[in-house]
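A short worksheet on the structure shown next.
The values are calculated or read from the model by the stated rules, or taken from the named source; none is laboratory data. Predicted, not measured: the structure shown is a model, and the values here were computed from it. Ideal geometry is used to build each Cβ from the backbone, glycine not excepted, and the neighbour counts take in all protein chains shown. SASA here: full protein model, heavy atoms, side chains in, ligands and nucleic acids out. Shrake-Rupley method; radii C 1.70, N 1.55, O 1.52, S 1.80 Å.
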Amino acid sequence: MTLTNNPEPAALDADVIVIGAGISGSSAAKALHDQGKKVIIVEANDRIGGRTWTEPGDVPGGPIDYGGMFIGETHTQLIELGTSLGLEMTPSGKPGDDTYVVLGDLLRAPDEQLDTGLAFVPEFLASLEALDKLADSVGWNQPWAAPDAAVLDSKTVGTWLTETVESPEARQLHTLIVNAILGAHPDEVSLLYWAYYVSECEGIESLLGTRDGAQWAWWIGGAAQVSWRIADAIGRDNVLLDWPVSRIEQNSSGVTVFSSERSLSARHVIIAMSPLAANQIGFEPPLPPARTQLQAGARMGRYYKLQVRYTTPFWVEQGYSGAIMDTDDYGTFILDGTKPTDSLATLIGFVGGSSYDRWAAHSAEERQSAFIELLVKAFGPEAKAPSYFHETNWTTQEWAKGGPVTYMPPGVLAHFGAALRDSVGRIHFAGTEASFQWSGYMEGGVRAGQKAAAAILENFA
Ligand SMILES: Cc1cc2nc3c(=O)[nH]c(=O)nc-3n(C[C@H](O)[C@H](O)[C@H](O)COP(=O)(O)OP(=O)(O)OC[C@H]3O[C@@H](n4cnc5c(N)ncnc54)[C@H](O)[C@@H]3O)c2cc1C
């Protein structure tokens, strides 16, 4: 193994270089900094936060999150970290009836429950239970070693739906769920990966919860504050923006990280990003084949996050929670995103996977009108006059490479999944995808970052 730079310890720029100023890299950097290690974060983007992206400034109504936002009830590490940084939470769930738009029918669901007298509902609920059972059989620890892992990984979620769910309405709802949670259509996603994802996020009910589970609370002031405050704590001079890493070289004593003509050296490096983003980096010596295949095979969802603000939360006055599961139109999952500190009321739309494709085929103006039309259909004519509309297209974000999360097509997790969390010499992998649980969420980012830092600290040399 050769290194163009083979620096002596005294000449190193840092003990550890962290690549990526998202919540995972930031969490890793804080854990190392707290133990007296010299850390430098390098970030390709011109902002800190990665898939958390808060606009604090002049947005009408108050700060707004273009990316990750909801804190789950059991997101213990995130809650502990954010609270220790002085952030405050506010509950996100809103009382009132949920709304479903399913194959032409507009349905109202009090207490979050669809009417079980509707023909498709029992089958839909039974299919969610079947999914949970499958998730339990796969587990979150080592899904690649689960019984039937290879068989499950040879199938898509779409095939499973065709084989096990008869009613078109129930299938449409599942399709919306997978599109909204992973940013990919069921036909694209490995059944093993989906079962693993449901398991590591504590079950489908937890993933879908709109008042509890994964969507339980928010940080007042926005989610990216976690990374901003960590950057302040470790020193903004130690966070280098516009620093896209193109190559990493390692030898037995250290690592050197390159960006254009620049380089930095350290004892260890943490790569805190999705496998797909990491796949843009060259390695000398090359990574083991399983890690290379994993990075080449894992994909990112495609996603729009839409946000519309109104002077009043008129839907609340009509007894609605603001939650809409729309399998028709463009296929959108909508939630009320109004914080008590906001001066305007917010509805947030999540459009992923095949819904994203349908949406992307239209102009920005057409998309905005279609979204407003859907809100008019659900909540009446008051929805016609928003004060603010914003669309974030995560698929065109150069360094995120998509959103909201990683998904895997068949043939990746069973064969190469074991490489997801393993270090390669002095190269350590964080990023939410490397977490055992809540991978895909901010919580997973924190856990994976802290785990990578702990592994380095345990045996620092
Ligand atoms: C629209 C949307 C909604 C979401 N909603 C929620 C939610 O409500 N709750 C929740 O918990 N999670 C949510 N998520 C997911 C959550 O935001 C992510 O899981 C989490 O932020 C991932 O953090 P990370 O640090 O692992 O990765 P990232 O945030 O992706 O950070 C990786 C960083 O690495 C940088 N980078 C990439 N390549 C390079 C390179 N070559 N050199 C240097 N830097 C590089 C990137 O710019 C980025 O800053 C959402 C995500 C999106 C997009």
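In region 244-347, Cα pairs under 8 Å separated by at least six residues give a relative contact order of 18 percent. With a sphere of radius 12 Å drawn around the Cβ of residue 138, what net charge do the other residues whose Cβ falls strictly inside it have (Lys, Arg +1; Asp, Glu -1)? Taking every other residue near residue 138 into account, the sum is -4.
Note on region 168-323: Cα-only Rg and Dmax are 21.1, 66 Å. Protection proxy ranking for 400-412, 288-300, using the average of other Cβ atoms within 10 Å per residue and placing the highest first: 400-412, 288-300.
Each peptide in 253-265, 381-393 gets a packing score, the mean of other Cβ atoms within 10 Å over its residues, and the list from highest to lowest is 253-265, 381-393. Placing dummy labels 7 Å off each Cα toward the beta-carbon, the span from residue 46 to residue 262 is 1.4 nm. For the chain, DSSP calls about 65 percent of its internal beta bridges antiparallel. Taking the inverse of the mean 1/r over every pair of distinct Cα atoms in region 155-195 gives a Kirkwood hydrodynamic radius of 9.9 Å. Normalised by 2.2 N^0.38 Å, with N the number of residues, the alpha-carbon radius of gyration of the chain equals 0.98.
Each eigenvalue of the Cα gyration tensor of region 102-165, multiplied by 5 and square-rooted, gives one semi-axis; in descending order these are 30, 14, 9 Å.
For the residue pairs 133/401; 305/401; 305/384; 155/451; 38/451, alpha carbon separations beyond 21 Å are given by 133/401; 155/451. Around the amide H of residue 64, modelled in the peptide plane, lie the amide H atoms of 55, all under 5 Å away and 5 or more residues distant in sequence or on another chain.
Excluding ligands, DNA and RNA, the accessible surface per residue across region 1-103 is 39 Å² with a 1.4 Å probe.
Across the accessible surface of the chain, with the other protein chains kept in place and a 1.4 Å probe, carbon and sulfur atoms take up 51 percent.
Relative intensity of region 302-389 on a log10 scale, I(q)/I(0) at q = 0.13, 0.14, 0.21, 0.25 Å⁻¹, equals -0.38, -0.44, -0.99, -1.35, per a Debye sum over C-alpha point scatterers of equal strength in the absence of solvent. Other residues whose C-beta falls under 13 angstrom from the C-beta of residue 167 contribute a net charge of -3, scoring Lys and Arg +1 and Asp and Glu -1. Between region 337-372 and region 257-298, how far is it from one alpha carbon centroid to the other, in angstrom? What the calculation gives is 34 Å, centre to centre.
Distance between the C-alpha centers of region 149-187 and region 415-461? Whole Å please. First find each Cα centre; the distance between them is then 29 Å. Centroid-to-centroid, using Cα positions, region 32-55 and region 203-217 are 28 Å apart. Toward the positive end of the charge dipole of the chain, with +1 on the Cβ of Lys and Arg and -1 on the Cβ of Asp and Glu, the farthest Cα among 124, 429, 310 is that of 429. Between residue 58 and residue 314, residue separation times 0.36 nm minus the direct Cα-Cα distance comes to 89.8 nm. Computed log10 I(q)/I(0) for region 119-208 at 0.17, 0.24, 0.25 Å⁻¹: -0.64, -1.30, -1.39, from the Debye equation with unit scatterers placed on every C-alpha and solvent omitted.
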